[in-house]
Amino acid sequence: MSNLSVTGGNELEKTCSEAEKQITSTVDRLFVATGLDESLDEHLRRSLASSGWRKKIRDILREALEKNEKATVEELIAQVSSEGFASVPTSLKDDIYNKLDKFLDAEY
């Protein structure tokens with residue numbers, strides 16, 4: 001039987017949450033300070049443009065509008081966002097993840 005109380009569990013969650021916030025904040029600062037944020041952003045934009053991803057998104061958006069001409073911007077964004085992320089080439093996702101992993105390995 002565990003001696004942990006419900007309150008103790010909540011305190012642990014708070015501590016973990018605070019530590020996660022500190023780590024995230026530190027990584028964000030390093031990410032910006034090293035220029036990796038801009039570098040990855042530019043790489044992502046170029047790669048998506050050259051892969052035809054933007055055209056796919058336009059087609060998804062047109063199709064959504066044809067199905068529901070009265071769709072709100074929020075509804076369209078919700079639909080296109082999930083389909084858009086799913087249609088990003090796997091090789092590009094892997095490339096971005098690898099660059100981030102190298103960055104974190106170098107910094108930590």
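None of the figures in this text is laboratory data; all of them are computed from the coordinates on show. Small disclaimer: the values here were computed from a predicted structure and weren't measured. Using ideal geometry, Cβ is built from the backbone for each residue, glycine included, and neighbour counts are taken over all protein chains shown.
Take the Cβ atoms of GLU83 and LEU44, set R0 to 22 Å, and the FRET efficiency comes out at 0.80. Candidate cross-link partners of LYS102 among the aspartates and glutamates, defined by an alpha-carbon separation under 14 Å and a same-chain spacing of 8 or more, comprise ASP37, ASP94.
In plain terms, if you count all Cα to Cα distances in the stretch 37-108 and split them into 10 Å steps from zero, the share in each step is 18, 39, 27, 13, 3 percent. Go ahead and collect, in residue order, the members of the stretch 53-67 whose backbone nitrogen is under 17 Å from a label point 7 Å along the Cα-Cβ direction of GLU75. Backbone N within reach: 60-67. Straight-line cross-link reach from LYS56 at under 29 Å between alpha-carbon atoms covers these lysines, not counting any fewer than eight positions away in the same chain: LYS67, LYS70, LYS93, LYS99.
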